[in-house]
Amino acid sequence: MSEVVSYELRENIGVISVNNPPVNALAQVVREGILNAVNTAQDDASEAIVLACEGRTFIAGADITEFGKPPKDPWLPEVLTAIENSSKPVIAAIHGTALGGGFEVALACHYRCAVATAKVGLPEVKLGLLPGAGGTQRVPRITGVKAALDMITGGNPVPAGKANEMGLVDELLAGDDVVGSAIQYAKNLVESGAPLKCIRDISIDPSTVESDFFDSARKQLARRARGQIAQDRIVSCLEAAVKLPFDEGLERERELFKELVSSPESASMRHIFFAERQAAKIKDLPRDIAKRPIEKVAILGGGTMGGGIAMCFANVGIPVVLLEISDEALERGNSIIRKNYNITVQKGKMTEDKMEQRIALISGTTSYDDIGDVDLVIEAVFENLDLKKEIFGKLDAACKPGAILATNTSYQDVDAIAAATSRPEDVVGMHFFSPANVMKLLEVVRGEKTADDVLATVMQVGKKIGKVCALSRVCYGFIGNRMLGGYGREAQMLLLDGCTPAQVDGALEGFGMAMGPLAMSDLAGLDVGYKARQARTDLPDDPKLYRMGTLLVEMGRHGQKTGSGFYKYDPETRKRMSDPEVEALIKEEAGKLEVEQSEVSNEEILARCFYPLINEGAKILEEGIAQRASDIDVVYIYGYAFPVAKGGPMHYADSVGLKNVYDKICEFRDRYGEQYWSPAPLLKELAEAGKTFAEWDRERGTA
Ligand code: T1G
C-alpha cells in the first residue's frame, strides 16, 4: 500500500480506500497501493474485498500527466490481473465518475456497485487514445459490440442507472453511503455464495456481428473524426474482442494503445485537456477569491445572440429577464428561443416538458425598471459603440449596486463602454460565439478597471453554463477575431494569386478545419465583413485587400443568405457549388490589378492562412492581451473549430517549428511586403532561441 491507498478489515470485509485528490487518478503510487492491498487481502480473514475511493469521485482515469514519460511499475494491467485473479470477490464501490482506467479497474473486479448519482465511462477517445487496460475487450463482452462501439468511440459518461441496465454495473446502491452500502452488498454476495465472476470468461458469438459491421463503422467514424485516428483503432480492438481469445485481444489493444499514446494527435488533445483547465485560471488572481452570487440574470437584446445567451442560463436553472425595446421585439426574441429549443426536441435530445420548464425561466420586459434586482446583465445589442454607451448609462442607473454589467461585444472597446458608467469596476466583456447556446467558447474581456471578483465570478458562471472561458485584455477583436483578420485576408489574396475558392477551402478542410474561410464568410454573410471594413479607419489603402469579397457584395452576392457568394448554393439543400462566373471574375480582377496568377500548393495555402494567425497570436502574447499561448489554442479550438487533433494554432506552430514559421513569414514579407508580413518580435526571439510557445508559457509560470 502507499500513503494514498489504505486498507482495513471492516466486518470481515477488506476495504481498500484510495485517496489521491482531486480525482483519484491512477498515479504510480495508487497502482502500487492497490496492488499491495489486494495481495495483503489474499492472506487475511477477509471474505471479500471492497475497492472504494475518498473525495468526490471513484478513480477518474490514468494520470494523464504521466503520459509521454517512461511508464513506472506496476503497470495498470498487472494490477487488474491481480484483482481478477483474487481468490476472494473484489467489489468496486463507485461514486462520482469512474472513467477511463478507473472504470477499467472496476471492470476487472468481480462485481460493480454504484450510487445512483454515479457515472461510468471510457473517455479516452477525447484524448486521442483508446481504453488501454482491457476496456475494449471487457465492455463488448457485457454490452455487445454495437453498444460498446457507441460508448467507447463517443467517450461520454453513462449514468449508473443506464449502466445497470446495460450490465456494466451489477447493483445500484440506495442512499449515498457508498462504502457502507458496498460492504453490505459484499456480505450479501458472500452469504449467497456468489461466484468469482470474471468478464474475461464471457465470449462473443461472432455470428451476432454483421459481416460488414466493422468496415461500415470505420467509414462512418472517419467522416466525424476530422484527422483523428483513435476511432479507427478502437474499431480494430473491438474486432479483436470478437475474433481473438481474451489475452490475444488484450495484446492487440496494448499494441494499438502504444501507437496512439505516442501520436501527435493524442499529444495535441492532451495539450487541450490541460489548456482548457489552465485558461479558466487568471494568473494574478488568488484561486479562492470570493465570487458574487449569480441567481438572476438579464439579457439586453433578444436577437440571435441574446436569445442564445438567455438559453445558456435557463439551461442551468437560472431565471432570465429578456429586456427588449418593444413587445414586438420581445415576441421575436421569444420565438427565436422556442425555435432553438424545438430543434433540440426534434432531435430527441430534450423532452417537450424540459423545454417548457426552461422557457418558463425566461421572462420578458421592455422596462429597465424590471431589472433592478438582477445580479448580472449581459448586453447583446447591435455592434455600435455609441448605442452601447447609451445603454450602459441606463444600466448604471437601473441596476442594483454590485450587479455585474457585461457586454457581449465582439470587438468594441470595453473600457470606453465602462467609462459610460459610474462603476467601471463592475463592467466586463462576455463575448459569446454564435450560436451562443451551442458554441462552447466564452472570451472574458478584462477592462482596465474591471474588479478581480467580477472576473472570478464571470469565470465561474461561464463554467456553470457549460462554457470554456479564456481571458482577454481589451484590443480590437480581443484574441480570436483579432487573429482571424490575417486568416481571412490571405484566403482572399490567394484567389487573386491563382486559387479557386474550392482550392483554398479544400486545403484548410483537408487540414481539419470544419469549414474553409471562404465558405465560412458565405455562411456569416459577406456583407457583415464588408460593413465592418467600411467602419474601420486603420485598414491599408490596398486595392487587393478583400477585393473579391467587396466585389461580390457590390454585386448583391452576400453569401448563403442570397444564394450565392464565393460559391453558388442549392436553394433546397444549401449545398455549396463552385461557380465558374466567380472564377472568371477572379481572373479578370487579377488582370486588372496586374497580379500574376500561378499554381499554388496546398502547403502554401496553409502557410499563407495560418501563419498570420500565429504571428498575430505572438503579438497578442507580447502585448499581454492573452495570458498564455495555450489560452489562444483554447480560443481557436472552442470558438473557431480548429481541429483538436492539431492542438490549436500555437501548438501547431510548435509542431511545425517556430524557426520554420518565422523563416516562411520572412519569405512572405520579402515577396508581398512588410505591410502584412512583419514578423512578431516574440516569434523572432523564440525562433532564434530554438524555443516553443509551450516553453514560453512554462517560463512565465502561466502553464
Ligand atoms: N489525470 C491527471 N489530472 C487530472 C485527470 C487525470 N485523469 N482528470 C482531471 N485531472 C485534474 C485536472 O487537470 C484539474 O487539475 C483537476 O484534476 C480537476 O479536474 C488506461 C489511458 C474527472 C470529470 O479522461 O473528465 O485512463 O486544473 O477541473 O470539472 O485506459 O476531470 O485543478 O490543477 O476537470 O470536476 C481517462 C479526465 C484518462 C478523465 C472531473 N480519464 N478528467 O471534472 O474537474 S486516460 C479521463 C475529467 C486513461 C486508460 C486510459 C474531469 C472529471 P487543476 P476538472 P471537474
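Coordinate-derived values only; no laboratory data. Everything numeric in this text was worked out from a predicted model, so none of it was measured. All Cβ positions, glycine included, derive from the backbone under ideal geometry; neighbour counts span all protein chains shown.
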* Asked: Stretched out fully, how many nm does the piece from GLU448 to GLN357 gain, at 0.36 nm a residue minus the Cα gap?
  -> 28.8 nm
* Asked: What ranking, highest mean first, results for peptides 334-345, 18-29 when packing means the other Cβ atoms within 10 Å averaged over each residue?
  -> 18-29, 334-345
* Okay, which of the range 1-25 sit inside 19 Å, backbone N to the point 7 Å along the Cα-Cβ direction of GLU47? -> 8-16
* Mind checking the full-extension length gain between ARG536 and ARG226? Use 0.36 nm per residue of separation minus the Cα-Cα distance, one decimal, nm. => 108.0 nm
* Asked: Using the alpha-carbon centroid of each, what span in Å lies between the range 406-451 and the range 488-555?
  -> 27
* To do: Let me see the pair-distance distribution of the chain: every alpha carbon pair, 20 Å bin width, integer percents in order.
  => 16, 43, 34, 7, 0
* **Assigned charges on the beta-carbon of Lys, Arg, Asp, Glu; the chain dipole about Cα centre (debye)** => 480
* Pairs of Cα atoms farther than 19 Å apart, the range 443-550, % -> 57
* **Cα point-scatterer Debye curve for the range 297-476, base-10 log of I(q)/I(0) at q = 0.12 Å⁻¹** => -0.50
* Relative contact order of the range 297-476, pairs being alpha-carbon contacts under 8 Å that are 6 or more residues apart, as % -> 21
* Helix 304-314 sits at what angle to the longest principal axis of the chain, using alpha carbons and giving 0 to 90 degrees rounded to 10? -> 30
* Structure fact -> For the chain, averaging the sequence separation of alpha carbon pairs under 8 Å that lie six or more residues apart and dividing by its residue count, the contact order in percent is 9
* Extension gain (nm, one decimal) between GLU255 and GLU596, 0.36 nm per residue minus Cα-Cα -> 117.6 nm
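Would you mind ranking TYR487, TYR185 so that the residue whose beta carbon has the fewest other beta carbons within 10 Å leads the list?
Sorted ascending by nearby Cβ count, the order is TYR185, TYR487.
May I ask you to derive the FRET efficiency for SER678 and ALA419 from their Cβ-Cβ distance with R0 = 22 Å, giving the value to the nearest 0.05?
0.10
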* Asked: With each label point set 7 Å from Cα along the Cα-Cβ vector, what nm distance links ARG669 and ASP570?
  -> 4.7
* To do: Read phi for every residue in the range 526-539 and hand back ³J(HN,Hα) as whole Hz from Karplus 6.51 cos²θ - 1.76 cosθ + 1.60, θ = phi - 60°, with x for Gly and Pro.
  => 5, 5, 5, x, 4, 5, 4, 5, 4, 7, 8, 10, 9, 7
* Structure fact -> Whole-number value, in Å³ per residue, for the convex hull of the alpha carbons of the range 5-261 is 116
* Structure fact -> For the pair ARG277 and SER655, the simple spin-label estimate (label points 7 Å beyond Cα toward Cβ) gives in nm 2.2
* If you line up the long axis of helix 385-398 against the longest principal axis of the chain, both from Cα atoms, how many degrees apart are they, to the nearest 10? -> 60
* Most positive-pole-ward Cα, CYS113, THR573, PRO681, against dipole of the chain from beta carbon charges -> THR573
* **Angle between the chain longest axis and helix 452-464 axis [Cα atoms, degrees, rounded to 10]** => 60
* Asked: Tell me, what is the FRET efficiency for GLU685 and ALA147 to the nearest 0.05, using R0 = 35 angstrom and their Cβ-Cβ distance as r?
  -> 0.10
* Asked: In whole angstrom, how far apart do the alpha carbon centroids of the range 1-21 and the range 658-673 sit?
  -> 59
* Structure fact -> LEU196 and ILE343 label points (each 7 Å along its Cα→Cβ direction) are spaced in nm at 5.5
* To do: State the volume of the convex hull built on the alpha-carbon positions of the range 299-387, expressed per residue in Å³ and rounded to an integer.
  => 93
* Could you go through the range 286-294 in sequence order and give the Karplus-derived ³J(HN,Hα) for each residue, using 6.51 cos²θ - 1.76 cosθ + 1.60 with θ = phi - 60°, rounded to whole Hz, and x for Gly and Pro? => x, 5, 9, 4, 5, 9, 7, x, 10
